[in-house]
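> Sharing a structure with you now.
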Amino acid sequence: MAKSQNKLSAEQQEELLNTLMARFEKNKERHPGADWTKLKDKLDANPDKIWILHEMEITGGEPDVVAYDKKANEYLFFDCATESPKGRRSLCYDRQAWESRKADKPQNTAVDLARTIGIDLLDEEQYRYLQSLGDFDLKTSSWLKTPDAIRKLKGAIFGDKRYDHIFIYHNGAESYYAARGFRGSVKV
């Protein structure tokens, strides 16, 4: 989780909020019924969440609201960059996979970097939902939260969209590719 001492300057915060507002307004079909003014009030009251959204943004995620839970009064943000976030590619799945590599270890893992940012990896259901909102990962792919049964067998799953179809695949968790990153989510 993000550390509470992480804080943006007033200028950085204003720039981020302007970016988020512009994206929110441009993509209203992603979040019908959500109100920017109410969301901004929630963000202002939760500086840790602003920091997380900043980290999502600077790693190329282009976070946007994809759902609003009226009952819980929670906004759900996903990374909505057209391709897997540039600042989160060339990573194996998790620390166990990283440690199993004998050579050519990547700089980090998807699970570790997600934890550092303060987000959760999208799972398969969330990834399919994201794809219902547009066309994502047409040239890249994204690691997905892998079920324990698959991970125990040293595998991990990832998704992409090709031929107008969503594909969920498997790979050894220790593998990494320049075109594979990960997408995350955070609730505000």
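> When you go through W143, W98 one by one, which is the residue that is assigned to a strand (DSSP E or B) and touching a residue at least 24 places away in the same chain (Cβ under 8 Å)?
Details: W98 fails: assigned to a strand (DSSP E or B).
Matching residue, one of W143, W98: W143.
> Six or more apart or on different chains, Cβ atoms under 8 Å: show the pairs whose first residue is in the stretch 167-188 and open to solvent by 20 Å² or more (accessible area, probe 1.4 Å) and whose second is of a type in the set (D, E) and modelled with pLDDT of 95 or more.
F167/D160; I168/E124; Y169/D160
> Test each condition in (1) open to solvent by 50 Å² or more (accessible area, probe 1.4 Å); (2) touching a residue at least 40 places away in the same chain (Cβ under 8 Å); (3) in contact with a strand residue (DSSP E or B) (Cβ under 9 Å, 6 or more places away or on another chain) for K38 and report the one that comes out false.
It fails just one condition, (2).
> Could you look through the stretch 65-74, keep only residues that are part of a strand (DSSP E or B) and either over 13 Å from L43 (Cα atoms) or open to solvent by 50 Å² or more (accessible area, probe 1.4 Å) (or both), and pick out the one that is modelled with the highest pLDDT?
Restricting attention to the stretch 65-74, the residues satisfying the condition of being part of a strand (DSSP E or B) are 65-69, 74.
In the following step, the residues that additionally are either over 13 Å from L43 (Cα atoms) or open to solvent by 50 Å² or more (accessible area, probe 1.4 Å) (or both) were identified as 66-69, 74.
Numbers: V66: 97, A67: 94, Y68: 91, D69: 89, E74: 93.
By that ranking, first place goes to V66.
> Is at least one residue of the stretch 168-177 more than 30 Å from F24 (Cβ to Cβ) and among the charged types (D, E, K, R)? So that I can check it myself, show each step before the final result.
In the first step, residues of the stretch 168-177 are kept if they are more than 30 Å from F24 (Cβ to Cβ); the result is 169-177.
Those still in the list that are among the charged types (D, E, K, R) too: 174.
Taking every residue of the stretch 168-177 in turn, at least one turns out to be more than 30 Å from F24 (Cβ to Cβ) and among the charged types (D, E, K, R).
> Out of F158, F167, F136, F77, which single residue is under 25 Å from W51 (Cα atoms) and in a strand (DSSP E or B)?
Numbers: F158 fails: under 25 Å from W51 (Cα atoms); F167 fails: under 25 Å from W51 (Cα atoms); F136 fails: in a strand (DSSP E or B).
Step by step, each of F158, F167, F136, F77 is checked, and only F77 is under 25 Å from W51 (Cα atoms) and in a strand (DSSP E or B).
The values are calculated or read from the model by the stated rules, or taken from the named source; none is laboratory data. All figures in this text were calculated on a predicted structure; none of them were measured in a lab. Ideal geometry is used to build each Cβ from the backbone, glycine not excepted, and the neighbour counts take in all protein chains shown. Remember, those area values only see protein heavy atoms, side chains included, never the ligands or the DNA or RNA. Shrake-Rupley method; radii C 1.70, N 1.55, O 1.52, S 1.80 Å.
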